[in-house]
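As structure tokens, the structure follows; a few thoughts come after it.
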Amino acid sequence: MPTMTAYAAGTFCWPELGTTDPKAALAFYTALFDWTTSEMPLPGGGAYIMLKKDGKDVGAAYTLMDDMVKQGVPPNWMSYVSVDDVDATVEKVKAAKGTVVMGPLDVKPDPSVLIGRMAVIQDTEGATFSIWQPGIHIGAALVNEPGSLVWNELWSRNVEAAKKFYAAVLGWGMSEMDMGGGRKYTIVTVGERQNGGIMQTPPDVPAPPSWVTYFAVDDTDKRVAKAKAAGGKVLAEPMDIPKVGRMAVLQDPQGAVFAILKLTPA
């Protein structure tokens, strides 16, 4: 169901853009996905910008802090995973030899309102993601519809190590799909529901281990043309994935990488 009121633990629930130029980035994404925006003031200044489709929250954007940029953090889409208990999950991360980058911490615009509790994690290869324990905010209210989150995919140099880490930390199930030519694709499941994928990064691709956010679209080729016109780059031209849909990998003008997917009707 595209409208969400709760997420099972272990399910991807929220995409968040960290960028160096939110005004330019939002001009790009609102043109690409027909999003609207609203700002939530942050303590100490600045704003957390909610991204909306048809009036429903589908993600957010914020300005990368100066110290993050100095540390080499590039513009990026962060993938959030819903959990029942952030603190308990953090202990599992430590036991599995992952890294806790930030948190756990409560997200509170004021002392009386708990939005949620979160932590930022790196897996054993350095791919970064966040975990989210809902307060009044569960995550995206709309998924799997054009302009909203549809898939999350890990590009990994060591798929077996990644599978071991995420199974231990998030309890994911794993199954393999034959991609042909000796290539395998790992489907991540929560219960019986598909939740994302893990793919081996090709040796000739210099991308670091990372999670890639996919957004659903109505027409992949049309949205690629819009991205180009708005100053984006095409990292992987539109291609058909049998029984899945038509996808492309894009980069926004500030450098954040994401993907789009027109699903094949079931």
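Every number in this text was worked out from the coordinates using simple rules, so none of it is lab data. Just so it is clear, the structure is predicted and the values come from calculations on it, not from any experiment. Neighbour counts run over all protein chains shown; Cβ positions are idealised from the backbone, glycine included.
Structural remarks
- Residue match in the range 102-116 (condition: touching a Ser or Thr at 6+ places or on another chain (Cβ under 8 Å), closer than 26 Å to THR20 by Cα and of a type outside the set (Ser, Thr, Tyr)): no
- Residue in the range 24-40 that is within 30 Å of ALA266 (Cβ to Cβ), surrounded by fewer than 17 Cβ atoms within 10 Å (Cβ to Cβ) and of a type in the set (Ser, Thr, Tyr) present: yes
- Residue in the range 92-113 that is without any contact (Cβ under 8 Å) to a residue 40 or more places away in the chain, buried (at least 18 other Cβ atoms within 10 Å of the Cβ), within 21 Å of the chain's Cα centre (by Cα) and part of a strand (DSSP E or B) present: no
- Residues of the range 15-55 classified as in a strand (DSSP E or B), closer than 23 Å to GLY196 by Cα and touching a Pro at 6+ places or on another chain (Cβ under 9 Å), total: 4
- Consider the range 177-204 and keep the residues that are hydroxyl-bearing (Ser, Thr, Tyr) and without any contact (Cβ under 8 Å) to a residue 24 or more places away in the chain. The one that is surrounded by the most Cβ atoms within 10 Å (Cβ to Cβ) is TYR185.
- All of GLU153, GLU160 fail the test of being farther than 30 Å from LEU114 by Cβ and within 15 Å of the chain's Cα centre (by Cα), apart from GLU153.
- With respect to (1) closer than 24 Å to VAL234 by Cα; (2) within 18 Å of the chain's Cα centre (by Cα), the lone exception for TYR80 is condition (1).
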